[in-house]
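Asker: Can you keep this structure in mind? I'll have questions shortly.
The numbers here are math on the coordinates, done by the rules we state, and not lab data. Quantities reported herein were computed from a predicted structural model and do not represent experimental measurements. A quick note on method: Cβ atoms are made from the backbone with ideal geometry, for glycine too, and the neighbour counts reach across all protein chains shown.
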Amino acid sequence: MNKVTVKIEGMMCGMCEAHVNEAIRKAFPVKKVKSSHTKGEAVILTETDIDETALRAAIDATGYKALLVESMPYEKKGLFHKQV
């Protein structure tokens, strides 16, 4: 699983967040996407790699500007693994 964080310029409200989330969901097979206009970012959880150029294009098409894109491996927190 990968966690992709995108810094986004131009989001001002909850509707802006919804537009960005919808554009990302339509363009990519994501497990979860959550945008925050106060943080100026979208966080995406996905099992597949996301092409950065295509991601920027999907966000820019909504009228907002994708700035920095960071991707890193993601593991769900809170799981305790018992060793035998």
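Asker: Straight distance only, please: which aspartates and glutamates reach the Cα of K34 with their own Cα at less than 13 Å, same-chain residues fewer than 8 apart left out?
Answerer: E17, E22
Asker: Only four residue types carry charge here, +1 at the Cβ of Lys and Arg and -1 at the Cβ of Asp and Glu. Report the dipole size of the stretch 2-73 about the Cα centre in Debye, rounded to the nearest 20. Walk me through the numbers before you get to the answer.
Answerer: On the way: 10 positive and 10 negative charges, 44 e Å.
About 220 debye.
Asker: Using the Cβ atoms and a cut-off under 14 Å, what net charge is assigned to the surroundings of K76, where Lys and Arg are +1 and Asp and Glu are -1?
Answerer: On the way: positive: K3, K31, K32, K77; negative: E47, E75.
Combined, the nearby Lys, Arg, Asp and Glu give +2.
Asker: Note down the relative contact order for the chain as a percent, whole number, built from C-alpha pairs under 8 angstrom at least six residues apart.
Answerer: On the way: 140 pairs, mean separation 36.0, N = 84.
Result for the chain is 43 percent.
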